[in-house]
Number of protein chains: 6
Amino acid sequence: MPLIRLEIFEGRPEEMKKEFIKRVSEAAADVLKIPIEHVQCILTEVPRRHWARGGVPYSEKKLEGEGYKFTR
Amino acid sequence: MPLIRLEIFEGRPEEMKKEFIKRVSEAAADVLKIPIEHVQCILTEVPRRHWARGGVPYSEKKLEGEGYKFTR
Amino acid sequence: MPLIRLEIFEGRPEEMKKEFIKRVSEAAADVLKIPIEHVQCILTEVPRRHWARGGVPYSEKKLEGEGYKFTR
Amino acid sequence: MPLIRLEIFEGRPEEMKKEFIKRVSEAAADVLKIPIEHVQCILTEVPRRHWARGGVPYSEKKLEGEGYKFTR
Amino acid sequence: MPLIRLEIFEGRPEEMKKEFIKRVSEAAADVLKIPIEHVQCILTEVPRRHWARGGVPYSEKKLEGEGYKFTR
Amino acid sequence: MPLIRLEIFEGRPEEMKKEFIKRVSEAAADVLKIPIEHVQCILTEVPRRHWARGGVPYSEKKLEGEGYKFTR
């Protein structure tokens, strides 16, 4: 009965979030050898100004190597 | 000093959420034999599109047997 | 599909923890008007030395008004 | 900078847990189009007696359709 | 690789939240003797009506001794 | 009524964990201008094999620049 919690920056397209949930749920079912119906998943969006590394919010950082452009 | 975290679909009426918090806090105090003032409770609302079972968000499911009609 | 997370000091008897889970799950089903089978509950035990108020772990505090005596 | 939190019943083999972490991290990197080095993952094991559905701990339930046999 | 999660009432000024994140991250680096770049921090704002003590939401309480006046 | 949750690798000395809790609680009281008695803090220890970056558990990584030597 795994519970998967995903925290990502807010602003991803709905389709991408939905695909993310689907893919990790499938991975859980596959690896743990359980029916996918047993897998629960909750996604939370975090504003970049509320997520920090090194004491500095990501809203004030440049993430290099990030292939996806945020829509907001 | 129990901490209770409640995660529910967003859209419940304020009165219902307040009653939910009150009831579980009372249950905690009663069962654990502690003053209710020691009980902390945080409620979080999760959009149905961010909560999934079996890889499929609840926004795309029909929950049978659910007696309460959401207001949004 | 509420998810309830309970955090308590470690050391409560198994029967008390089980009753706690049962009671809050029943409260959820009753207040939210959903089948109790939709209610998930996860309990976590926290050592008193890892839980603090005012910067001081509860392992170094006396909790007044606490009717229950810990077995360890 | 996604953060993935996995909660599963305790008792899975180390190799299975490691594979689980690897697979969901790969899914995150792939779907979100980010370097896998940006993906953080924390796994927590929950005893079956502390995880309940319908107010009843899984330690007292039989999970049908579960292909994997627990080693303890 | 500490992960720090901060939950506060919503409504604090952005500067205060930023300073809060900075200060606890610095404390982590200092005490744990690690580079501050290893410290992750996520802040979550909780509406006062969703945070309760003693079964009563803080939106219906008066917090004595609280020096800061909320802007909303 | 801030709630601070600290997750660190397991194996730090008790004194270091206690100091960590104390320091972040003081920072919270100072920055948020609230009595320190309002600050709650919960620390959780995560085994290195259950915490991963890039899909690889830290138990299989070398953390450069880490000044503190783990005792286990």
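Leaving ligands, DNA and RNA out of it, report the carbon-plus-sulfur percent of the accessible area of the protein assembly as shown at a 1.4 Å probe. Kindly include the intermediate steps, with their values, before the conclusion.
On the way: 9300 of 17840 Å².
Here carbon and sulfur together make up 52 percent of the probe-accessible area.
Return a whole-number percent for the relative contact order of chain C, with Cα pairs under 8 Å and 6 or more residues apart as the contact set.
Working: 73 pairs, mean separation 28.9, N = 72.
Relative contact order for chain C comes out at 40 percent.
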Handout entry: For the stretch B:3-66, the Rg and Dmax computed from alpha carbons only, in angstrom
Key = 14.6, 42
Practice task
For B:Lys62, list the aspartates and glutamates whose Cα falls under 15 Å from its own Cα; do not include residues on the same chain fewer than 8 positions away.
Solution key: A:Glu37
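Run the helix sum for the protein assembly as shown: -39,500 (n - 2.57) per DSSP H stretch of 4+ residues, divided by residue count, reported at 222 nm to the nearest 500 deg cm²/dmol. Numbers along the way, then the final one.
Numbers: 6 runs with 114 residues, N = 432.
Here the helix-only value at 222 nm equals -9000 deg cm²/dmol.
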Practice task
Compute the label-point distances linking C:Lys61 to its equivalents in the other copies; points lie 7 Å from Cα along Cα→Cβ; give nm, one decimal, shortest first.
Solution key: 1.3, 3.3, 3.4, 3.4, 3.8
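What number comes out for accessible area per residue over the protein assembly as shown if the probe is 1.4 Å? Units Å², please. Intermediate results must be reported in sequence, preceding the final value.
Values: 17840 Å² over 432 residues.
That works out to 41 Å² per residue.
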Problem - A:Asp30 accessible area, 1.4 Å probe, all protein chains in place, Å² to nearest 10 - result: 90
Completion exercise
Once Lys and Arg are counted +1 and Asp and Glu -1 for all other residues with Cβ under 10 Å from that of A:Ser25, the total becomes 0
Completion exercise
Long-range amide H partners of E:Lys61, meaning residues 5 or more apart or on another chain whose placed amide H is closer than 5 Å, are none
Exercise for the section: From other protein chains only, count the Cβ atoms within 10 Å of every residue's Cβ in F:14-23, then give the mean. Expected result: 6
Fill in the blank from the handout: Going residue by residue through the stretch B:9-20, the Karplus relation 6.51 cos²θ - 1.76 cosθ + 1.60 with θ = phi - 60° gives ³J(HN,Hα) values, rounded to whole Hz and with x marking Gly or Pro, of 4, 6, x, 6, x, 4, 4, 5, 5, 5, 5, 4
Exercise for the section: Counting residues in the protein assembly as shown as N, plug N into 2.2 N^0.38 Å and put the Cα Rg over that result. Expected result: 0.94
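Protein chains only, probe 1.4 Å: how do F:Val39, E:Val56 rank by accessible area, largest first? Intermediate values should be presented prior to the final figure.
Details: F:Val39 0, E:Val56 55 Å².
Reading off the accessible areas and sorting them downward yields E:Val56, F:Val39.
Taking a probe of 1.4 Å and counting only protein heavy atoms, give the total accessible area buried between chains D and A in Å², rounded to the nearest 100.
Interface between D and A: roughly 2800 Å².
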Completion exercise
Rounded to the nearest 10 Å², the accessible area of C:Thr44 using a 1.4 Å probe with every protein chain kept is 50
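The values are calculated or read from the model by the stated rules, or taken from the named source; none is laboratory data. Just so it is clear, the structure is predicted and the values come from calculations on it, not from any experiment. Neighbour counts run over all protein chains shown; Cβ positions are idealised from the backbone, glycine included. Just the protein is used for accessible areas: all its heavy atoms, side chains included, with ligands, DNA and RNA removed. Shrake-Rupley method; radii C 1.70, N 1.55, O 1.52, S 1.80 Å.
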